[in-house]
Amino acid sequence: MRFLAALAVVTGLALLAPAPAAAQLDPMLAQRTKGKADAPITVYELSDFQCPFCRKLTLEVIPELDRDYVQTGKVRWIFVNLPLTQIHPNALAAAEFAMCSARLGKFWPAHDLLFQHQPKWAPLKDPAPFLLTLADSMGVPRADLVSCLQGNETRSLIQGEAEGAARSGVASTPTLYVDRAGLIPGAQPVALYRQIFDSLYKERTGGR
């Protein structure tokens, strides 16, 4: 509950509302949500686009979880920004790129491209020119992204999510919060997530 209380402040989630209904309150949160609204399990992924372990989880583990749990209606998956700027200086710029893309309905394509190309932009002193080249791959006009980025239009939202995570005690990425079950820190083997999700699904649905 302490995690949800902090998260509610920065995402617009109604703490006492069921997670699926709550996630619908914020259009920007909806852009970062996958899965059925009535899925019995809701997972919040707290992630940093420059974090190498987040990249590992995204490229090696989540696709399997998405196929077997999100696409089958068992899990609803929600992305929450947690850029660790003290150790990842380009994480905020990447998060802003992703959130500005979300405003244009392209969060997940931006999310995927950022992680796929992380080795290229992460070490750059100024990642902005490279990040803007990803707009072409997404089919988004650069001018629309530039306007959002130059205006810092999503920065307060991103920083608010990070502050909420910190208040809840989350200090590392990736971390998954499974609604009404708890936190799972680190990039764990897919078998661990399967065990947790299968157990929760059986408990919450009777195995239907």
* Determine the percent antiparallel among the DSSP beta bridges restricted to the chain, to the nearest 5. => 60
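Taking the Cβ of each residue in E153, E161, E45 as the centre, tally the other Cβ atoms inside 10 Å and list the residues starting with the fewest.
Numbers: E153 14, E161 24, E45 20.
The fewest-first ordering by Cβ neighbours comes to E153, E45, E161.
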* Asked: Which order results if T175, T85 are arranged by neighbouring Cβ count within 10 Å, fewest first?
  -> T85, T175
* Asked: Hey, fewest Cβ within 10 Å first, where do L134, L200 land in order?
  -> L200, L134
* Could you pull out the chymotrypsin sites (Phe, Trp or Tyr not before Pro) across the range 140-199 that fall in loop regions by DSSP (anything but H, G, I, E, B) with no more than 11 other Cβ atoms inside 10 Å? => none
* Answer label, with Cα extents along the principal axes in Å calculated from the coordinates and candidates (i) 51, 32, 32; (ii) 45, 42, 32; (iii) 46, 37, 28 -> (i)
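We did not get these values from a lab; they are worked out from the coordinates using the rules stated. For clarity, every value in this text was computed on a predicted model and none was experimentally measured. Note that we place each Cβ from the backbone using ideal geometry, even for glycine, and neighbour counts take in every protein chain shown.
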